[in-house]
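See below for the structure under consideration.
The values are calculated or read from the model by the stated rules, or taken from the named source; none is laboratory data. This is a predicted model, so every value here is computed, not measured. Glycine gets a Cβ as well: all are built from the backbone with ideal geometry, and neighbour counts include every protein chain shown.
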Amino acid sequence: MDLLKRITTGIYLLTVQAGKTRAGMIVSWVLQISRDPLLVMAGVRPDRYTHKIMGERNSFGINILYEGQEELVDRMEKPLEERFEGVEFFTGSLGTPLLKDSIGAIECKIQRVIKPGDHSLFIGEVVGQHFLKDMPPLSSWGLGKLYLG
Ligand SMILES: Cc1cc2nc3c(=O)[nH]c(=O)nc-3n(C[C@H](O)[C@H](O)[C@H](O)COP(=O)(O)O)c2cc1C
């Protein structure tokens with residue numbers, strides 16, 4: 001048995017502005033890594049389209065999903081053109097698209113990218129926190145889908 005499967009995480013929609021449109025994907029490798037300054041980290045595999053766009057931008061959003069948004073998670077596996085059909089966003093101070101329907105959205109300014117292994121760790125300084133809905137957060141355990149890289 002792979003014990004790493006028992007490391008539970010939250011489930012998030014990572015969003016980024018891509019020219020006139022937007023890109024985004026489900027991520028579970030997200031963690032707060034500093035209190036002062038307030039830093040979070042997202043682990044993204046270099047072959048993701050979202051990774052390419054993140055490399056061109058200076059910000060990204062972490063949208064905290066709630067229990068009941070499993071369908072949204074499935075939808076994010078669709079091709080990018082269909083992924084965001086009917087999904088509503090608002091814009092953060094750095095121009096990041098942020099999900100309207102979530103527990104909340106964290107906007108981050110990319111401070112550093114480190115590549116210790118097969119995922120890039122995007123370290124972002126939190127520049128905005130938008131609390132939207134008080135709901136129990138979706139977790140990898142509750143979702144029943146574990147991301148192991
Ligand atoms: C529950 C779940 C968690 C995921 N977590 C991550 C993650 O932390 N990092 C990552 O690179 N991919 C993760 N993925 C895979 C991406 O969401 C998926 O490959 C996505 O289609 C990439 O989209 P893109 O190529 O348009 O950027 C996860 C997928 C699921 C279903």
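Residue 12 fulfils the conditions (1) over 19 Å from residue 127 (Cα atoms); (2) in contact (Cβ under 8 Å) with a residue 24 or more places away in the chain; (3) within 15 Å of the ligand (Cβ to nearest atom) except for a single criterion, (1). Residue count for the stretch 17-71, restricted to those that are farther than 24 Å from residue 91 by Cβ and of a type outside the set (A, V, I, L, M): 13. Only residues that are of a type in the set (Lys, Arg) and at pLDDT below 95 were counted in the stretch 46-82, giving 1. Here is the figure for the stretch 89-108: residues that are part of a strand (DSSP E or B) and crowded, with 18+ Cβ neighbours inside 10 Å total 9.
Please work out which one of (1) away from the ligand (no atom under 15 Å from the Cβ); (2) modelled with pLDDT of 95 or more is the condition residue 86 fails and give its number. Of everything listed in (1) away from the ligand (no atom under 15 Å from the Cβ); (2) modelled with pLDDT of 95 or more, residue 86 misses just condition (2).
Listed by first and then second residue, the pairs linking a residue in the stretch 130-149 that is farther than 13 Å from residue 11 by Cβ and of a type in the set (Lys, Arg) to a residue that is near the ligand (Cβ under 9 Å from one of its atoms) and part of a helix (DSSP H, G or I), with Cβ atoms under 9 Å apart and 6 or more places separating them unless they lie on different chains, form an empty list. Any residue at all in the stretch 26-37 that's near the ligand (Cβ under 8 Å from one of its atoms), polar (S, T, N, Q) and either over 19 Å from residue 85 (Cβ atoms) or in contact (Cβ under 8 Å) with a residue 12 or more places away in the chain (or both)? Yes - at least one qualifying residue is present in the stretch 26-37. Listed conditions (1) out of contact with any Gly (no Cβ under 7 Å at 6 or more places or on another chain); (2) of a type in the set (S, T, N, Q); (3) within 14 Å of the ligand (Cβ to nearest atom); (4) in a strand (DSSP E or B) are all met by residue 17, apart from (1).
Table: residues versus (1) out of contact with any Lys or Arg (no Cβ under 6 Å at 6 or more places or on another chain); (2) closer than 19 Å to residue 125 by Cβ; (3) among the polar types (S, T, N, Q).
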residue: 3; (1), (2), (3): yes, no, no
residue: 24; (1), (2), (3): yes, no, no
residue: 29; (1), (2), (3): yes, yes, no
residue: 46; (1), (2), (3): yes, no, no
residue: 61; (1), (2), (3): yes, yes, no
residue: 93; (1), (2), (3): yes, yes, yes
residue: 101; (1), (2), (3): yes, no, no
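Restricting the first member to the stretch 40-52 and to residues that are within 7 Å of the ligand (Cβ to nearest atom), and the second to residues that are part of a loop (DSSP other than H, G, I, E, B) and among the hydroxyl-bearing types (Ser, Thr, Tyr), no beta-carbon pair is closer than 6 Å while six or more apart or on different chains.
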